[in-house]
Amino acid sequence: MNIQRWIARRESNWQRLDALLRQVETKGLKSLPATEIRELASLYRSVAADLARAQTQQVGNILIHNLQSLTTRGYTQIYQGSRRQEWQAVVEFYRWELPAVIQQTFAYTATATALFFLGLIVAWWYAWQDPTFMSLIVPERLISQVRDEHKLWMGSIVGIEPLASSGIMINNLKVSFGAVAGGMTAGAFTTYVMVFNGLLIGAIGTLVGQNNLAYPFWAFVFPHGALELPAIFLAGGAGLLIARAILFPGQYRRGDALKFYGSQAVQLLFGIVPMLVIAGIIEGFFSPNPRIPDPLKYLFGTGLFMILFMYCNRKKTSVKR
């Protein structure tokens, strides 16, 4: 191989790659148009091949060092830059795309919420009318503790906060995943999860109300419930989306409908998980803390729900030029 002729033929590529890398290193990968990004990737592969060839020929250590430097810089910008873009995509999803999906699928979440409150109202009504109904829903241990000992059960969390918090997270995630996966039963299991949880909350709410413990009970529920309950409602909505694809694919073939509505359900699931993690931490460490006054717990829960409401209703504004 004629070394000088090979260098002369390849040098323009090296210089072009160096120029593109300088721009990316200064202004970022987004500063390049799509055509130049493709050119950057192509030049990187070409120069990597040149480096391999140079290492097998007598071309001098300086040139090999320069080519090694170029390929290292290229690798850093292309592959680590891709990872940065992936993280930027995650931030963009939680910043704008998740609220948009929540708004687009609001009818399904509202239906799941209605099922929950239907169960809550039914339990409240029958628990007041028939004392034996309570024992069908609420564990007997909790009933006796509230009625006989006239105290709530949240004190058991104090002192084992990390263990309780992780257990709460796991349980809430299981309930939510069950509600989402229940869509594959044409929504039957999703409906059961929503109605049953409504029945449980309604029955417990009636139990504490009958024994004059409603104020401290709801003070415990408000802080974490501001995130936990909406997350369960979103999970129910995600399950109903999948059920919609199975039962009423509409203009789509059923497989295409599952892809479309399933994609929206998965996006909701990505939003549900961090909500439940945060709710679990609050329920384990903040909600049962006896040193925090009940009015502050109500205020905290109300404020957290307002923040969530504003987040879910945010809209991406386009900048006019």
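For the stretch 1-156, the relative contact order comes to 17 percent (Cα pairs under 8 Å, sequence separation of at least 6). Annotation: average projected area of the stretch 161-242 is 5.5 square nanometres, based on the convex hull of Cα atoms across all directions.
Determine the share of the stretch 1-103's accessible area contributed by carbon and sulfur atoms, expressed in whole percent, with a 1.4 angstrom probe.
Ligands and nucleic acids excluded, carbon and sulfur give 51 percent.
A helix-only calculation puts the chain at -26500 deg cm²/dmol for mean residue ellipticity at 222 nm, using -39500 (n - 2.57) for each DSSP H run of at least four residues, averaged over all residues. Report, in whole Å, the centroid distance computed from the Cα atoms of the stretch 12-60 and the stretch 169-224. Cα centroid of the stretch 12-60 versus Cα centroid of the stretch 169-224: 57 Å apart. Global size of the chain: 29.2, 99 Å for Rg and Dmax (C-alpha atoms, Rg to one decimal, Dmax whole).
Quick one: grab the alpha carbon gyration tensor of the stretch 187-232, order the square roots of its eigenvalues as a ≥ b ≥ c, and give me rounded if a/c is under 1.5, else prolate or oblate depending on whether a/b is larger than b/c. Taking the square roots of the gyration eigenvalues as a ≥ b ≥ c, the stretch 187-232 is oblate.
Surface analysis of the chain yields an accessible area of 57 Å² per residue, using protein heavy atoms and a 1.4 Å probe.
Against the main long axis of the alpha-carbon atoms of the chain, helix 61-75 sits at an angle near 30°. Accessible-area rank, largest first, for 151, 174, 297: 174, 151, 297, with all protein chains present and a 1.4 angstrom probe.
Dimensions of the stretch 198-266 based on its C-alpha atoms, expressed as ranges along the principal axes with the largest first, amount to 55, 20, 11 Å.
Cα gyration tensor of the stretch 252-295, axes a ≥ b ≥ c as square roots of the eigenvalues: rounded (a/c below 1.5), prolate (a/b > b/c) or oblate? Since a/c reaches 1.5 and a/b is larger than b/c, the shape of the stretch 252-295 is classed as prolate. What would the Debye equation give as log₁₀ I(q)/I(0) for the stretch 203-321 at q = 0.15, 0.20, 0.22 Å⁻¹, counting only Cα atoms as equal point scatterers? These q points yield log10 I(q)/I(0) values of -0.81, -1.05, -1.15. When restricted to Cα atoms, the stretch 17-83 yields an Rg and a Dmax of 12.5, 38 Å, respectively.
With the charge dipole of the stretch 3-105 set up from +1 on Lys and Arg Cβ and -1 on Asp and Glu Cβ about the Cα centre, the Cα lying farthest toward the positive end among the listed residues 52, 35, 4 is that of 4.
The values are calculated or read from the model by the stated rules, or taken from the named source; none is laboratory data. Because the structure is predicted, anything quoted here is derived from the model rather than measured. Don't worry about glycine lacking a Cβ; one is built from the backbone with ideal geometry, like all the others, and counts go over all protein chains shown. Surface areas here come from the heavy atoms of the whole protein model, side chains and all, with no ligands, DNA or RNA. Shrake-Rupley method; radii C 1.70, N 1.55, O 1.52, S 1.80 Å.
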